[in-house]
1. Residues in region 36-58: is at least one part of a strand (DSSP E or B) and within 17 Å of the chain's Cα centre (by Cα)?
2. For V250, indicate whether it is surrounded by 23 or more Cβ atoms within 10 Å (Cβ to Cβ) and of a type in the set (V, I, T).
3. Just for region 79-89: of the residues that are modelled with pLDDT under 90 and either among the β-branched types (V, I, T) or farther than 22 Å from N204 by Cα (or both), which one is surrounded by the fewest Cβ atoms within 10 Å (Cβ to Cβ)?
4. Among residues belonging to region 51-60 that are without any contact (Cβ under 8 Å) to a residue 40 or more places away in the chain and out of contact with any Leu (no Cβ under 6 Å at 6 or more places or on another chain), point out the one that is farthest from ligand 2 (Cβ to nearest atom).
5. Please give the number of the condition R76 fails out of (1) more than 20 Å from V24 (Cβ to Cβ); (2) in contact with a helix residue (DSSP H, G or I) (Cβ under 8 Å, 6 or more places away or on another chain); (3) at pLDDT 85 or above.
6. Within region 61-76, is even one residue of a type outside the set (S, T, Y) and within 16 Å of ligand 2 (Cβ to nearest atom)?
7. Criterion first (among the small types (G, A, S) and either under 23 Å from I236 (Cβ atoms) or surrounded by 16 or more Cβ atoms within 10 Å (Cβ to Cβ) (or both)) does G17 satisfy it?
Amino acid sequence: MADEILRTDGLTKYFGGLCAVGDVSFALSDGEIVGLIGPNGAGKTTLVNLMSGAFPPSSGTIHYNGRSVGGFKAHRLNKMGIARTFQVVRIFKTLTVLENIQASLIDRRRYGPWRLALTSLYKRAYSLDADADARQEAERLLDFVGLTDYRDELAENLPYAYTKRLEIARALATRPRLLLLDEPSAGLNPRELDDQIGIIRRINGQGVAILIIEHVMKVIMSISHRLIVLHYGKKIAEGAPEAVYRDPRVVEAYLGGDAHVAH
Ligand SMILES: Nc1ncnc2c1ncn2[C@@H]1O[C@H](COP(=O)(O)OP(=O)(O)OP(=O)(O)O)[C@@H](O)[C@H]1O
Ligand SMILES: [Mg+2]
């Protein structure tokens, strides 16, 4: 059994009176791919927001590598090896594809999060090219996600599927040990889905643990070692993908709501 990398105990987040995540306990092992599923509004993104430091929990704990990190800010957690992508892609539209990755690398190496904001505001004023190492690594990451042909394209001109890949490359630039993916396959066509599955598998093959939120069942069932299901903020099932998929509570959660389960 691989070492545990992250554990939550009784993790809870309220937004006013709404319990978005309620008493959720689970653990992730080193090198594991865990799928996080559940109907719309189940609390999946909120759980990832808590794990990545977007906001602090209302109660409960998060341990990463045995250390209590609940309430740590996103940038600190990122430096500790937790990276994420967003449900709605966040990239610098007015930078090129290569520059987007370089900005992420340079931020990791030298500067705080303010650097990213400045980069986006002043664009080339900071001469990203100056960092040759970052450039080389950016090229490697571009190749890894299959975007080499688009390296000098402005990110805003990328086809949608490729913006998802670019965001993954930007997350990888921070050298994560744990990668949190929030619906990386939403809106992709079947061919693009296969490519995406390949990329996620290769990331995992390099020893990165992955928590992936996904509505696309083809993706989640084919890559997850284990599934966790949320419903109204509660964990209602956890275990091997096939068993969870047939679990009556899970079927009921999906059928009972207006959730879309894409096949
Ligand atoms: N920042 C916020 N402020 C207030 N309410 C929020 C906030 N973020 C999420 N919520 C609410 O918390 C609940 C869980 O939302 P969340 O986005 O985590 O669900 P989800 O499982 O990711 O859904 P989806 O599949 O649609 O992305 C929802 O009722 C949502 O409206
Ligand atoms: Mg979400």
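1. Checking region 36-58: at least one residue is part of a strand (DSSP E or B) and within 17 Å of the chain's Cα centre (by Cα).
2. no
3. V88
4. Here the residue is P56.
5. Condition not satisfied by R76: (2).
6. Scanning region 61-76 turns up no residue that is of a type outside the set (S, T, Y) and within 16 Å of ligand 2 (Cβ to nearest atom).
7. Yes.
The values are calculated or read from the model by the stated rules, or taken from the named source; none is laboratory data. Being a predicted model, the structure only gives us computed values, none of them experimental. Every residue, glycine as well, gets a Cβ built from its backbone with ideal geometry; the counts of neighbours run over all protein chains shown.
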